[in-house]
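S.K.: The structure that follows is given in the form of structure tokens.
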Amino acid sequence: MRVLLFGRLGDLAGWRQRSFDPAPVSLAALKALLAGEDGALGAALRGPGVQAAVDKTIVRGEVALAGADEVAFLPPMSGG
């Protein structure tokens, strides 16, 4: 599974793309893994407005990642 971090999330983590094999079984497990490696990133992922996309589809709440090829985390966006 490929994990992508966009915007300030990638800046904070110091990476924009990583592969995980084996893949975590759920979005919560992935967030816990990332938070265990980097507390600041974990806090940022829990922040307001951060969204997750699984295989290019925005998801809300907890989802299973079985068979997922890509998970992307997107920082809060502002529009104008």
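The values are calculated or read from the model by the stated rules, or taken from the named source; none is laboratory data. Just so it is clear, the model here is predicted, and its values are computed rather than measured. FYI the Cβ positions are ideal-geometry reconstructions off the backbone, even for glycines, and counts take in every protein chain you see.
S.K.: Can you pull out the residues in region 35-50 that are touching a residue at least 24 places away in the same chain (Cβ under 8 Å) and out of contact with any Lys or Arg (no Cβ under 8 Å at 6 or more places or on another chain)?
M.R.: Matches in region 35-50: D38, A40, L41, G47, P48, G49, V50.
S.K.: Would you mind stating whether A68 is crowded, with 16+ Cβ neighbours inside 10 Å and at pLDDT below 95?
M.R.: In short, yes.
S.K.: What are the residues in region 56-67 that are in a loop (DSSP other than H, G, I, E, B) and under 13 Å from the mean Cα position of the chain (by Cα), if any?
M.R.: K56, R60, G61, E62, V63, L65
S.K.: Right, something else. Which of the numbered conditions does P48 fail, given that it passes all the others? Conditions: (1) surrounded by fewer than 13 Cβ atoms within 10 Å (Cβ to Cβ); (2) assigned to a strand (DSSP E or B); (3) not small (G, A, S).
M.R.: Result: P48 passes all but (2).
S.K.: Could you run through region 68-80 and say how many residues are in a loop (DSSP other than H, G, I, E, B) and touching a residue at least 40 places away in the same chain (Cβ under 8 Å)?
M.R.: Result for region 68-80: 3.
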